[in-house]
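Below: the structure, in structure tokens.
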Amino acid sequence: MTHAAPRTLVLGSTSAYRRTLLERLRIPFTVAAPDVDESPLPGEQPRQIAMRLAVAKARAVAMRFPHSVVIGSDQVADLHGEAMGKPGNFERAQAQLRRMSGQTVVFHTAVAVVCEAQQFADQTLVPVEVRFRTLSEAEITHYLHAETPYDCAGSAKSEGLGIALLERIDNSDPTALVGLPLMETARMLRAAGIPILGCA
């Protein structure tokens with residue numbers, strides 16, 4: 001009796017943060033850029049943006065690798081209903097941190113897992129509530145020069161020096177804030193037939 005070989009895994013993201021997180025599961029995977037327009041749609045809420053883009057990224061890569069299991073993910077910071085994306089430069093990051101100072105921000109991290117060949121698709125959203133300390137201009141400037149978090153939604157790396165900007169983190173999965181909720185990702189990968197801890 002022969003068994004089908006386990007399906008290959010593709011991370012539909014060029015994010016170094018997500019790649020490092022996925023490596024924790026110790027399963028082989030390749031990386032592919034999803035090439036998806038990440039512009040918000042008119043009237044779209046932050047949580048809707050994150051979910052739509054996670055699914056779009058997974059499906060875009062799955063079209064190129066239909067026999068693989070593909071992970072797509074996206075994160076959007078939500079300040080009282082306003083999406084705070086990746087700042088891209090010092091000035092925009094400075095403006096974001098000024099606005100988030102003393103505020104509670106919800107980081108919506110969505111993940112989708114798709115396999116076209118087996119018609120498998122699942123997705124979920126993991127919110128993380130983050131309370132920022134009241135920050136001085138000197139603290140903001142020092143932090144941005146020290147860590148240059150211009151490729152991070154919300155302009156802060158909680159896994160690095162950015163933790164010093166925060167007062168409290170409330171969540172169900174600490175990896176979600178970094179960019180990929182591994183508990184939910186592992187659950188979906190098992191359901192898709194990817195062996196974890198030696199079995200699917």
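Just so it is clear, none of the values below were taken in a lab; they were calculated from the coordinates. Please read these numbers as outputs of a predicted model, since none were measured by experiment. Ideal geometry is used to build each Cβ from the backbone, glycine not excepted, and the neighbour counts take in all protein chains shown.
In table form, for the structure just shown:
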quantity	calculated
Residue order, fewest to most surrounding Cβ atoms within 10 angstrom, among Lys157, Lys57	Lys157, Lys57
For the range 9-191: relative contact order, % (alpha-carbon pairs under 8 angstrom, 6 or more apart)	22 percent
Charge sum, other residues only, whose C-beta stays under 12 Å from Phe132's C-beta, Lys/Arg counted +1 and Asp/Glu -1	+2
Signed unit charges on C-beta, dipole axis of the chain, positive-most listed residue His142, Phe132, Pro174	Pro174
Packing-based ranking, highest mean first, of 41-48, 73-80 given that Cβ atoms within 10 Å are counted	73-80, 41-48
Calculated [θ] (222 nm, deg cm²/dmol) that DSSP helices of n ≥ 4 give over the chain, each run adding -39,500 (n - 2.57)	-9500 deg cm²/dmol
Over the range 1-109: Kirkwood hydrodynamic radius from C-alpha pairwise inverse distances, Å	15.7 Å
Under 13 Å, Cβ to Cβ, from Gly102 - net charge with Lys/Arg +1 and Asp/Glu -1	+3
Surrounding net charge for Pro46, when Lys and Arg each add one and Asp and Glu each subtract one, Cβ distance under 10 Å	-2
Helix 90-100 vs. the chain, principal-axis angle (Cα, 0 to 90°, nearest 10)	80 degrees
Between helix 46-64 and the chain: long-axis angle, C-alpha atoms, 0 to 90°, nearest 10	40 degrees
The chain: most fluctuating residue of Arg24, Arg131, Arg59 per GNM, C-alpha cutoff 10 Å	Arg24
Cα-centre dipole for the range 9-191 with unit charges at Cβ (Lys and Arg positive, Asp and Glu negative), debye to 20	360 debye
Crossing angle, helix 182-191 versus the chain [Cα axis fit, 0-90 degrees, rounded to tens]	20 degrees
